[in-house]
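Worksheet for the structure shown next.
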Amino acid sequence: MHKKFVSFFHNNIKTSLQNAIFDIQINKLEYQMTMMPELPIYAKLKTFLKQRDICLNTYDIPTVKPPYRNIHIDLPYPLPSSFPVWKIILSERKKNILLCYEPPIVNPFNYMKIFHHFFIKIYTCIDELVDNKKYFKFRFPKLSRGINTRPKKFKDKKFLTLINSNKLPFCPFKPLSFFGKELYSERIKAIEFFEQNTPEKFFLYGKGWNKPKKYNVKEKILGFKKYSTYKGEFVDKIELLSNFKYCLCFENLTNVNGYITEKIFDCFKARCVPIYWGAENIEKYIPKDCFIDFRDFKDFKKLLAFLDSIDETKYNSYIKNIEMLLTDKNFIESWFEDGFVKFFLEDVLEIK
């Protein structure tokens with residue numbers, strides 16, 4: 001096989017250039033700062049491809065011959081700093097492949113079809129867009145790290161947590177989001193309910209809850225709301241989750257099919273039962289006996305009553321079902337990093 005060169009564009013991460021995104025140590029630091037779940041996978045992807053005589057580099061690394069493919073993780077925002085990338089997108093349309101990681105509420109440009117003319121293939125997790133001609137299904141890659149976490153005893157676990165950064169979509173992007181309903185505001189409602197009704201049993205973690213939101217001018221001028229249940233940031237999400245019976249697991253988006261991120265999988269790895277709200281067809285991908293579907297409840301009060309009614313036997317049945325799922329070879333192959341690197345080679349690059 002002749003060596004192939006592939007250019008990699010993680011278009012909205014400033015620290016990804018000069019192959020830094022493939023550096024394990026830099027990668028770990030960036031992961032801790034951003035909590036972007038796929039970051040540690042890229043070093044493994046580069047090694048996997050190298051073993052098959054495929055050289056994967058960020059686009060700013062010179063190569064001895066032109067790249068076989070240009071892989072774009074999300075479209076770049078239309079900023080002056082992105083103009084060099086846009087020039088490549090516009091001029092090398094027969095080499096470009098787009099993987100849409102961010103939902104429309106975060107990056108609406110991913111979903112503007114006017115830009116799709118400049119890509120030979122577009123990969124999306126949103127099922128409604130898939131036609132297997134131009135638009136193809138992909139699943140967010142998940143780390144297998146922590147998958148063998150031992151479950152803690154029911155009596156030793158705290159009750160409920162929510163682990164998320166405190167951020168809202170950039171306001172100008174909201175009118176450009178063509179479908180789906182954002183769930184950022186629903187997380188706030190959840191926090192406020194449990195803080196008011198059961199503050200001794202609810203724990204909030206994540207970045208940014210102790211300062212104004214990045215794009216919220218009102219909070220910067222008038223001050224921001226402080227939550228007594230906020231316990232700070234964290235280092236190891238899986239270890240933290242393993243101390244809780246339940247976690248509120250709200251995606252960034254609902255009212256779409258197939259949009260399933262790392263949130264529910266982190267709960268599974270930690271043997272924490274997720275209370276899930278996100279993909280409309282979640283049961284197509286995840287057995288219902290492995291999670292609590294928030295849509296089954298009229299309001300947070302009904303949810304709380306249900307959680308309080310669960311005894312140790314019922315709770316352990318959820319954990320048993322989760323552990324059975326994590327031993328399913330097809331499930332692991334579909335969702336975790338070993339399956340992703342093979343998918344990248346055989347489906348994205350079309351190299352068998």
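The values are calculated or read from the model by the stated rules, or taken from the named source; none is laboratory data. The structure presented is a predicted model; accordingly, all values stated were derived computationally and were not measured. In this analysis, Cβ positions are derived from the backbone assuming ideal geometry, glycine residues included, and neighbour counts consider all displayed protein chains.
General observations
- Pair list, Cβ < 9 Å and 6+ apart or interchain, from segment 232-250 residues that are in the same structural domain as G206 (by TED's automatic domain parsing) to residues that are in a strand (DSSP E or B) and surrounded by fewer than 18 Cβ atoms within 10 Å (Cβ to Cβ): N243/K158; F244/K158; F244/F159; K245/K158; K245/F159; Y246/F159
- Within segment 236-277, considering residues that are more than 17 Å from K181 (Cα to Cα) and among the small types (G, A, S), the one surrounded by the most Cβ atoms within 10 Å (Cβ to Cβ): A270
- Wholly enclosed helices (runs of 4 or more DSSP H) of segment 79-198 bearing at least 2 residues at pLDDT 95 or above and either surrounded by fewer than 15 Cβ atoms within 10 Å (Cβ to Cβ) or not assigned by TED's automatic domain parsing to the domain that holds F343 (or both): 83-91, 184-197
- Enumeration of residues in segment 312-352 that are of a type in the set (S, T, Y) and surrounded by 18 or more Cβ atoms within 10 Å (Cβ to Cβ): Y318
- Residue tally, condition within 16 Å of E262 (Cα to Cα) and in contact with a Cys (Cβ under 7 Å, 6 or more places away or on another chain), over segment 108-160: 4
- Meets criteria (hydroxyl-bearing (S, T, Y) and closer than 21 Å to L253 by Cβ) for Y285: yes
- Against the conditions (1) among the aliphatic types (A, V, I, L, M); (2) more than 18 Å from the chain's Cα centre (by Cα); (3) closer than 30 Å to S165 by Cα, I89 satisfies every one except (3).
- In segment 11-21, the qualifying residues are those that are in contact with a Ser or Thr (Cβ under 8 Å, 6 or more places away or on another chain) and more than 21 Å from K65 (Cα to Cα), and the one that is modelled with the lowest pLDDT is I13.
- G258 vs. criteria within 18 Å of the chain's Cα centre (by Cα), outside any strand (DSSP E or B) and among the small types (G, A, S): yes
- Residues that are surrounded by fewer than 21 Cβ atoms within 10 Å (Cβ to Cβ) and not in a strand (DSSP E or B), drawn from segment 287-302: P287, K288, D289, F294, R295, D296, F297, K298, D299, F300, K301, K302
- Qualifying residue in segment 285-308 (condition: of a type outside the set (A, V, I, L, M, F, W, C) and either within 30 Å of L45 (Cβ to Cβ) or modelled with pLDDT under 95 (or both)): yes
- For segment 126-152, taking the residues that are in contact with a helix residue (DSSP H, G or I) (Cβ under 9 Å, 6 or more places away or on another chain) and free of Cβ contacts under 8 Å to residues at least 60 places away in the same chain, the one that is nearest to S242 (Cα to Cα) is identified as N148.
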